[in-house]
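The values are calculated or read from the model by the stated rules, or taken from the named source; none is laboratory data. Nothing here was measured: the structure is a model prediction, and the numbers come from that model. With ideal geometry, Cβ positions are generated from the backbone for all residues, glycine too; neighbour counts draw on all protein chains shown.
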């Protein structure tokens, strides 16, 4: 074919010597026709064509059906390897859409062929880095990677790999593990999955230990010991009540902040009471739920979370609560406690999962600034926006953002974001804006 027509440089691919991960094999070459029009030629055997057209499973079924039954030869392990790896990804990914995206990436994305220092070929998605290469070898090697060499030259571990590169991974037993930033650079689905698994496992172990410490502190608070309360049947009652499979699951949940330790201990105290009727367990439960004020336990956002110390707190952007607003806390997965105004439109949905609702309050001694969104409705006129900005300046409200537009009916909607310290300061700003000429409604955005 190359003698008949001129080949296009860089468009020759030999998938026979190095098959794709899904066992696709073929020779691809792009040629320039008589009139300069490029066309691609694919050359493969009938067996290879069957794989290309109908997939691995259909090809195996065909081959098995046509084998001599006396030979009883099974499908080779190398052909099953890719399928097994794919099934492992499916187990690790609970989201079907993510799995489908992963599968498409592995099946159809262009590959890059690189070598280990011993000359073994590794096939990776185009754009892969030494991190992908390390995880392709083994998860532990990837987790301990601290550096890399490409063609005997030290390079950053996020360097893009090219065909023919010889890659050497440098590891260290003192490595603290992968960085979350790696997820931004890796291209192979296997590497992403293994990195996510590492963080999930590491966080779980950390939360289990943290949960144990929290439980111990709460038990000491009511003058009891671990051995007094952690009887197998009583622990099982708490696990059943809150639907945990194991004790570690419960500790991890407490450490993460998904459930208050007070609920767990109270449930075990209920069982304890059945065998110790002479003791006043109600007093212990009351003591357990009593919150002792501590000026050091407020978060940077000025929020005190009941029953949890040093908890990550985030003021929800959907309602932007301010000191003075009535608020509730909602325990989110991986992001600590999210604080909403009680009149927030999203609260109704949050209340459906009452186990994640937690008491929160404002810490009055904290001085901080908060953003508040305001909607201003007015009859459109010349100089309206200038007057609004002028009033905000007189009210000493720091303007963070402004957006104004008018509709066909000449009604102007101006949205401003101002920085205030509390609800009282916001109310003063709202009162001042209502005095602007042509403004007929001013309200805080919900």
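Which numbered condition trips up residue 334, out of (1) within 25 Å of the chain's Cα centre (by Cα); (2) at pLDDT below 60; (3) more than 23 Å from residue 213 (Cβ to Cβ)?
Result: residue 334 passes all but (3).
Return yes or no: is residue 4 over 24 Å from residue 115 (Cβ atoms) and not in a loop (DSSP other than H, G, I, E, B)?
So residue 4 fails the test.
Going by the conditions given, is residue 127 out of contact with any helix residue (DSSP H, G or I) (no Cβ under 8 Å at 6 or more places or on another chain), surrounded by 14 or more Cβ atoms within 10 Å (Cβ to Cβ) and assigned to a strand (DSSP E or B)?
So residue 127 fails the test.
Scan the stretch 373-397 residue by residue and report those that are in contact with a helix residue (DSSP H, G or I) (Cβ under 8 Å, 6 or more places away or on another chain) and at pLDDT 85 or above.
Once the filter is applied, which keeps residues that are in contact with a helix residue (DSSP H, G or I) (Cβ under 8 Å, 6 or more places away or on another chain) and at pLDDT 85 or above, the stretch 373-397 yields 374, 376, 378, 388, 391, 392, 394.
Count, please, the residues in the stretch 142-156 that happen to be surrounded by fewer than 19 Cβ atoms within 10 Å (Cβ to Cβ), touching a residue at least 24 places away in the same chain (Cβ under 8 Å) and over 28 Å from residue 12 (Cβ atoms).
1
Out of the residues in the stretch 157-173 meeting the condition of being part of a loop (DSSP other than H, G, I, E, B) and out of contact with any helix residue (DSSP H, G or I) (no Cβ under 8 Å at 6 or more places or on another chain), tell me which one is surrounded by the fewest Cβ atoms within 10 Å (Cβ to Cβ).
So the residue we want is 173.
If you take the residues in the stretch 383-409 that are touching a strand residue (DSSP E or B) at 6+ places or on another chain (Cβ under 9 Å) and free of Cβ contacts under 8 Å to residues at least 12 places away in the same chain, which one is farthest from residue 420 (Cα to Cα)?
Within the stretch 383-409, the match that is farthest from residue 420 (Cα to Cα) is 407.
Where in the stretch 174-276 are there helices (runs of 4 or more DSSP H), lying fully within it, with 3 or more residues that are over 24 Å from the mean Cα position of the chain (by Cα) and under 21 Å from residue 359 (Cα atoms)? Quick ask: steps written out before the conclusion?
Details: elements: 182-185, 189-221, 226-229, 232-241, 247-256, 261-275.
The qualifying helices (runs of 4 or more DSSP H) are 189-221, 261-275.
Look through 419, 354 and report the one residue that is out of contact with any helix residue (DSSP H, G or I) (no Cβ under 7 Å at 6 or more places or on another chain) and modelled with pLDDT of 75 or more.
419
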